[in-house]
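What follows is a set of notes on a single structure, which appears directly below.
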Amino acid sequence: GGGAHAHGGGDSHVGLKVALPSRSESFHWAALGTYSVPTGNPAFSDGYSRELGVTASWDLAQQRALALYVNYARDNDGHTWTFSPNYTFFSGEHFSSYVEAGLDTGSEHSRVAGAGGAWQLPHAMQLDVSVLRGLTSQSPDWQGGIGLSIAFQ
């Protein structure tokens, strides 16, 4: 088959994540608001967009965790819901690694799976790196992500 091919970077995002109170030491949740600016290749750009997501995670034995992320995005093409389960299979003092899947509604109907890692850096910073593989013809073949988070207490 001769599907369309495109290469390039995606848009730039800035977000604010707020950890929400929990009555359990093994349950954590947070809300994330994100604003995107169309800086990427037009094939990968959604234009200006606003997103609101909620993540919930449950600590498991042996420094493992299970999480679910739900996100609502509104952009030039309409709106999209994203559902992303995640399993952290290693979590140490300075590094954790995970596998995840992603399901999008809306115009793309993307289905992806992949893995990533997070490094705890000095000064309350965290570096995240991930790679995702598309599972359907409507999904991007490959996606990569790099993020830097700074905690304010």
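The values are calculated or read from the model by the stated rules, or taken from the named source; none is laboratory data. Owing to the predicted nature of the structure, the values given are computational and were not obtained by experimental measurement. A quick note on method: Cβ atoms are made from the backbone with ideal geometry, for glycine too, and the neighbour counts reach across all protein chains shown.
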ask   = Across the range 111-153, what is the number of residues that are free of Cβ contacts under 8 Å to residues at least 60 places away in the same chain and more than 17 Å from G8 (Cβ to Cβ)?
value = 30
key: Where N86 falls short, out of the listed (1) over 12 Å from the mean Cα position of the chain (by Cα); (2) surrounded by 14 or more Cβ atoms within 10 Å (Cβ to Cβ); (3) closer than 21 Å to R133 by Cβ   = (1)
remark   = Taking the range 134-153 and keeping only residues that are out of contact with any strand residue (DSSP E or B) (no Cβ under 6 Å at 6 or more places or on another chain) and surrounded by 13 or more Cβ atoms within 10 Å (Cβ to Cβ), one is left with Q138
task = Restrict the check to the range 33-55 and report whether at least one residue is over 17 Å from the mean Cα position of the chain (by Cα) and either assigned to a strand (DSSP E or B) or within 18 Å of G116 (Cβ to Cβ) (or both).
result = no
query = List pairs: first in the range 86-109 and modelled with pLDDT of 95 or more, second among the aromatic types (F, W, Y), Cβ under 6 Å, 6+ apart or cross-chain?
reply = N86/Y98; T88/Y98; F95/W119; S97/F90; V99/Y87; L103/F83
query = Which is more than 21 Å from F27 (Cα to Cα) and of a type outside the set (S, T, Y), of N76, N86, N71?
reply = N76
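For (1) surrounded by 13 or more Cβ atoms within 10 Å (Cβ to Cβ); (2) of a type outside the set (S, T, N, Q); (3) within 21 Å of H109 (Cβ to Cβ), each residue gets a yes or a no:
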position	(1), (2), (3)
S12	no, no, no
A31	yes, yes, no
A43	no, yes, yes
E51	yes, yes, yes
A56	yes, yes, no
Q62	no, no, no
A65	yes, yes, no
Y72	yes, yes, yes
D75	yes, yes, yes
